[in-house]
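Structure first, then comments.
The values are calculated or read from the model by the stated rules, or taken from the named source; none is laboratory data. Nothing here was measured: the structure is a model prediction, and the numbers come from that model. So basically every Cβ, Gly included, is an ideal-geometry build from the backbone, and we count neighbours across all protein chains shown.
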Amino acid sequence: MIALACVLPLLVGTVLLGGGTELSGRIASRAGALGALTTLVLLVVAWMTDAVVDIPWLPTLDLRIHLALDGISGPLALLAAVVTAAACLTTWAERPRGGSEATFVGCLMLTLAGAITTFAARDALLFVVAFELVLVPMWVLITRFGDDRDPEARREAGARFVLYTGFGSTLMLLGVLLLVSRAGTADLGVLGAAGGEGLGTGVQVTIAVLLTLGLAVKVPVWPLHSWLPLAHTTAPTAGSMLLAAVLLKMGTYGLVRLPLATVPEGFARVAPVLAVCGAVGIIWGGLVCLVERDLKRLIAWSSIAHMGFVALALASGSETGVAAALYGNIAHGAISALLFLVVGGLKHQWGDDHLDVPRAALREGAPVTGLLLVVGLAAGLGLPGLAGFWGEFAAVIAALSPAQGRPETLFVGCAMVAAIGAALAAGYALRVARLVWLGEGHPGDDGGRARELARTDLATGAVLALLVLVLGVAPGLLLAVTDPALAGVVQR
């Protein structure tokens, strides 16, 4: 089942790419959504039955195709399948520009195949290969199917994406090769159980620096973040959904599975720097969101702030911190996918997403769409009872009491900065609600009267909103799954 879950979206994506213009948009989107939902079922069965694939890949180098899911990777794989199905359905209302729908949906499915393989990989080099597979179709989504009103911005977004992610991939590969060569194995389970035993402090620090810096580009963590806002602004709605809910999650998952688990002593030396960068990113993103005038770009900057909480929680190194990071990862994936679904649909409807254009109240012209937007904004500001609260609240608590060996004064300072960032999140979320949901114009203004999104978008948005609500009301459902898996990551 785990092998089928990795191969099925790859096959569907390849067929759609080969079909080209011969396949209509509706057929392509239905095939993609059906393939993603079938993959979701396969993942659930594989996870429940503890399915494992472990076969030789390159015997001369002792490399294996080793796939399995646990409480850390399983929820992320399920989230990737759900968001990809939702992204495929958005093509019903927002036809991709710059190419055929089959090619567009095919790229979405190839991204899903690489993401699931990345989350399921138990071989360090297989992890790297699967991670890089995701970057190619994502680059195509940005450069070929991105906003065609500004070709220069689209080319720049693609160039930055390649430059930054390529730089991060090079550092990550160097770190993995050094780790595997010194430890004598690429098995992530064995590496995690050893916890850096037999590796000197200098080697652990070097590996941790390479891995953390390379993966920080993927997250992204300040100051390596400048590629993300432009990529989100240019990408189509479906591309932004996958970029926020899948690609960014792969980066934070890599931080948990590689430096934190395999070289804990080296990561402890790097953790204070990561904590400071995460805290600065929270404030930086929040301040930009307070003055940003493009709605989609504002949501992209808010993602940088939210991933700062995840970085701070991971840097704390405690059980609470890692659990908070994993929870915040899932929560942000659902919230960001919901927000980009709604905001992307509104941008397609309005023709732009400028907040300085007076618009009629969304709650009057499109109450269901307005409700979905309010749920996403409320979850993003960390309102209790919604998914965003638990990850951010626990991240601040973890920073107040970091793991042994970390400078407590520095982490307490970072916790205070993060708390201020949470207040900024409330400020910019309410600003968007005032300008868009309450509205400042009239139906006769340039903004016009808003209309409801397409039924498919409303249905998928409702599913994501329900997920945000369930995670907020019953956090124990996810924590009960992730907690047992933390034994292989955190020194208890």
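In table form, for the structure just shown:
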| quantity | calculated |
| --- | --- |
| Condition met for Trp222 (in a helix (DSSP H, G or I) and farther than 21 Å from Ser73 by Cβ) | no |
| Qualifying position, being modelled with pLDDT of 85 or more, surrounded by fewer than 24 Cβ atoms within 10 Å (Cβ to Cβ) and assigned by TED's automatic domain parsing to the domain that holds Ala208, among Leu125, Leu179 | Leu125 |
| Test: Ile304 is crowded, with 24+ Cβ neighbours inside 10 Å, at pLDDT below 90 and not charged (D, E, K, R) | yes |
| Which numbered condition Thr185 fails, given (1) more than 23 Å from Ala279 (Cβ to Cβ); (2) in contact with a Leu (Cβ under 8 Å, 6 or more places away or on another chain); (3) assigned to a helix (DSSP H, G or I) | (3) |
| First in the range 423-440 and without any contact (Cβ under 8 Å) to a residue 24 or more places away in the chain, second anywhere and part of a loop (DSSP other than H, G, I, E, B) and surrounded by 17 or more Cβ atoms within 10 Å (Cβ to Cβ), Cβ under 6 Å, 6 or more apart | none |
| Among the residues listed as Val270, Val280, Val276, Val217, the single one being more than 21 Å from Ala86 (Cβ to Cβ), assigned to a helix (DSSP H, G or I) and free of Cβ contacts under 8 Å to residues at least 60 places away in the same chain | Val217 |
| Complete set of residues in the range 413-435 that are loosely packed, with under 15 Cβ neighbours inside 10 Å and farther than 17 Å from His306 by Cα | Arg434 |
| Selection count, the range 37-72, where residues are part of a strand (DSSP E or B), touching a residue at least 12 places away in the same chain (Cβ under 8 Å) and farther than 17 Å from Ala113 by Cα | 4 |
| Helices (runs of 4 or more DSSP H) fully within the range 352-410 counting 3 or more residues that are surrounded by 22 or more Cβ atoms within 10 Å (Cβ to Cβ) | 367-380, 387-400 |
| Options Thr233, Thr262, Thr237: the member that is in contact with a His (Cβ under 8 Å, 6 or more places away or on another chain) and either in the same structural domain as Glu197 (by TED's automatic domain parsing) or farther than 17 Å from Ser302 by Cα (or both) | Thr237 |
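Residue-by-condition table, conditions (1) touching a strand residue (DSSP E or B) at 6+ places or on another chain (Cβ under 8 Å); (2) over 29 Å from Val52 (Cα atoms); (3) not in a helix (DSSP H, G or I):
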site	(1), (2), (3)
Ala130	yes, no, no
Ala153	no, yes, no
Gly166	no, yes, no
Leu178	no, no, no
Val190	no, no, no
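Residue-wise test of (1) assigned by TED's automatic domain parsing to the domain that holds Ile282; (2) farther than 21 Å from Val481 by Cβ; (3) touching a Lys or Arg at 6+ places or on another chain (Cβ under 9 Å); (4) without any contact (Cβ under 8 Å) to a residue 60 or more places away in the chain.
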site: Ala313; (1), (2), (3), (4): yes, no, no, no
site: Ala331; (1), (2), (3), (4): yes, no, no, no
site: Ala337; (1), (2), (3), (4): yes, no, no, no
site: Val342; (1), (2), (3), (4): yes, yes, no, no
site: Glu364; (1), (2), (3), (4): yes, yes, yes, no
site: Val368; (1), (2), (3), (4): yes, yes, no, no
site: Val374; (1), (2), (3), (4): yes, yes, yes, no
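Here is a yes/no grid of residues against (1) closer than 22 Å to Thr39 by Cβ; (2) out of contact with any His (no Cβ under 9 Å at 6 or more places or on another chain); (3) of a type outside the set (Gly, Ala, Ser); (4) part of a helix (DSSP H, G or I):
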position: Ala80; (1), (2), (3), (4): yes, yes, no, yes
position: Ala85; (1), (2), (3), (4): yes, yes, no, yes
position: Thr118; (1), (2), (3), (4): yes, yes, yes, yes
position: Val136; (1), (2), (3), (4): yes, yes, yes, yes
position: Trp139; (1), (2), (3), (4): no, yes, yes, yes
position: Met172; (1), (2), (3), (4): no, yes, yes, yes
